[in-house]
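The values are calculated or read from the model by the stated rules, or taken from the named source; none is laboratory data. Computed from a predicted model, the values in this text were never measured in an experiment. With ideal geometry, Cβ positions are generated from the backbone for all residues, glycine too; neighbour counts draw on all protein chains shown. Quick note on the areas: whole protein, heavy atoms, side chains included, nothing else; ligands and nucleic acids left out. Shrake-Rupley method; radii C 1.70, N 1.55, O 1.52, S 1.80 Å.
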Amino acid sequence: MALTGTEETDLLLPLLSGGLQEHMFPLFLNRLHRRTHAQHVALVVRRDSETGRDPVIAFAGDDLDGRAIAAGESPYHLRNRTFYEQLRPGRVYAISELIEHDLLARAERARALRPLTTVDERVVRLTGEEDWAGWLVLTRTTRCRAEDSALLSSLVPYLNAAIDQRETLDRIAREARLAAVAMARNGTGWVLFDRDARIAAIDHATRARWTDLHAAAPRIGERLIGLAPAVQRRLAAITAALCDDPTHPAQAITLHDDPRIEALLSPAPGEAASGPDDRRILAVCRLPRRGGSAGAARFAAVHALPLREAELALGLADGLSLPEAGAALGLTLETTRNYSKRLYAKLDVRGQAELVRLVYEGTALYA
């Protein structure tokens with residue numbers, strides 16, 4: 001069954017925006033329910049990587065899951081989940097087809113459906129390129145019609161594409177959140193500058209650290225606050241040069257002296273084809289570390305050290321001399337020397353330089 005022009009507008013256009021909504025295609029489901037006059041229509045979607053978890057269910061019409069629970073039965077769609085998994089993608093089924101030769105199963109299903117007043121249903125399996133499986137379900141209190149199956153069948157390619165798009169956007173958002181956490185823990189942030197060294201975008205960690213330093217948040221469309229005039233001029237010269245020639249090697253700059261914050265500037269990915277005035281420059285920053293006592297505890301746990309020895313290791317890795325690191329911990333020079341000897345022996349390092357490398361190659365300094 002081909003969709004008419006009116007149906008395309010009414011049913012398909014909501015799928016274009018549904019991928020950006022918190023809930024799964026509510027306008028599409030409401031319009032499908034209104035058009036079919038069904039008892040209940042639902043989308044059931046699960047990620048293949050989450051097979052042990054209940055699927056996400058969005059519906060319009062009667063709340064069959066809620067009514068089943070109120071009647072002391074399993075939720076409607078979870079009860080049907082075993083049947084759903086057996087369906088071949090793209091073909092419209094009546095679940096009764098799957099149990100027509102099993103008298104006990106038919107009797108049990110009829111008993112479970114009786115409180116719901118559901119007489120018949122149609123379901124079609126949906127699939128896409130992303131990590132998910134889904135089902136579009138329509139139920140009636142009377143026998144389903146041929147046009148119900150035809151309509152569900154015609155919607156399959158559109159729903160496959162729409163759910164795929166939604167899952168792609170959701171995956172990208174999840175990966176972006178994980179990347180942001182990893183970068184923040186590693187003390188790495190970024191700022192996106194335009195040609196004139198004005199902020200086009202900035203990540204949360206960098207914004208927070210810069211706000212802590214200068215008691216004012218960086219603002220989109222403005223220059224980075226707190227920079228020395230010479231640094232600001234140097235930054236503007238670098239962003240202009242990189243916009244003019246995106247093949248130019250990446251440029252390093254010290255944005256802040258105390259605490260020290262360096263940045264490596266290069267054209268943002270995908271910007272080479274833009275015009276010089278439209279290009280954006282990505283500045284990847286090393287932010288002040290916040291390892292603290294948690295970092296020492298992590299280092300002690302990884303290397304089986306007493307906490308005080310781990311604290312001494314991190315002090316030395318921060319560039320302190322042996323007397324300075326010991327004094328910061330309230331240790332005498334003799335005790336500090338004894339700690340350092342045991343520390344070097346346990347870690348199998350030959351001096352402060354190897355110790356620094358060991359610390360910086362690990363995760364102790366992550367926030």
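Sorted by packing (mean other beta-carbon atoms within 10 Å per residue), highest first, where do 124-135, 210-221 land?
The densest-packed peptide leads the list: 124-135, 210-221.
In the stretch 164-204, which residues have a backbone nitrogen under 17 Å from the label point lying 7 Å from ALA301's Cα in the Cα-to-Cβ direction?
185-186
The stretch 112-138 to the stretch 63-107: how many Å between their Cα centroids?
Going from one Cα centre to the other spans 8 Å.
Which order do the peptides 298-307, 39-48 take when ranked by the mean count of other beta-carbon atoms within 10 Å per residue, highest first?
Per-residue mean Cβ counts within 10 Å order the peptides as 39-48, 298-307.
How much mean residue ellipticity at 222 nm does the chain get from its helices, if each DSSP H run of length 4 or more adds -39500 (n - 2.57) and you divide by all residues, to the nearest 500 deg cm²/dmol?
Numbers: 15 runs with 170 residues, N = 367.
The per-residue figure over the chain is -14000 deg cm²/dmol.
Among 192-199, 164-171, how do they line up by average Cβ neighbours within 10 Å per residue, starting with the highest? Mind showing how you got there, number by number?
Numbers: 192-199: 19.0, 164-171: 16.4.
Averaged packing, sorted descending, gives the order 192-199, 164-171.
Rounded to the nearest 0.05, what FRET efficiency do THR9 and GLU175 have when you use their Cβ-Cβ distance and R0 = 25 Å?
Values: r = 34 Å, r/R0 = 1.36.
Computed FRET efficiency for THR9 and GLU175: 0.15.
If you roll a 1.4 Å probe over the heavy atoms of the protein chains, what accessible area per residue do you get for the stretch 72-136, in Å²?
Roughly 50 Å² per residue, with all protein chains present.
Quick one: accessible area per residue over the stretch 254-366, 1.4 Å probe, rounded to a whole number of Å²?
55 Å²
Report the full-extension gain for the segment TYR158 to ALA328: residue separation times 0.36 nm, less the Cα-Cα distance, to one decimal in nm.
Values: separation 170, 0.36 × 170 = 61.20 nm, distance 6.53 nm.
Working it through step by step, the gained length comes to 54.7 nm.
Farthest toward the dipole's positive end in the chain, which of ALA304, SER153, ALA133, given Cβ charges of +1 (Lys, Arg) and -1 (Asp, Glu) about the Cα centre?
Value computed over the given set: ALA304.
With axes computed from alpha carbons, what is the tilt in degrees of helix 333-347 against the longest principal axis of the chain, rounded to the nearest 10 within 0 to 90?
50 degrees
Heavy atoms only, probe 1.4 Å: what % of the accessible area of the chain goes to carbon and sulfur, would you let me know?
Numbers: 10300 of 19130 Å².
The value for the chain is 54 percent carbon and sulfur by accessible area.
Which value, in debye to the nearest 20, gives the size of the charge dipole of the stretch 213-279 about its Cα centre, when Lys and Arg are +1 and Asp and Glu are -1 at the Cβ?
Numbers: 6 positive and 9 negative charges, 39 e Å.
So the magnitude is around 180 debye.
Go through [x] 47; [y] 64; [z] 43 and flag the label whose value is the computed percent of Cα pairs over 28 Å apart for this structure.
Matching the structure shown: [y].
Let me have the relative contact order for the chain, percent, based on Cα pairs under 8 Å that are six or more residues apart. Provide the component values of the computation, followed by the final result.
Numbers: 541 pairs, mean separation 42.5, N = 367.
Rounded, it is 12 percent for the chain.
Between GLU354 and ASP212, what FRET efficiency follows from the Cβ-Cβ distance if R0 is 30 Å, with the result rounded to 0.05? Present the calculation step by step, with values, prior to reporting the outcome.
Numbers: r = 33 Å, r/R0 = 1.10.
After rounding, the FRET efficiency stands at 0.35.
Note down the nm distance, to one decimal, between modelled labels 7 Å out along Cα→Cβ at ARG219 and at ASP54.
The answer from the label model is 4.8 nm.
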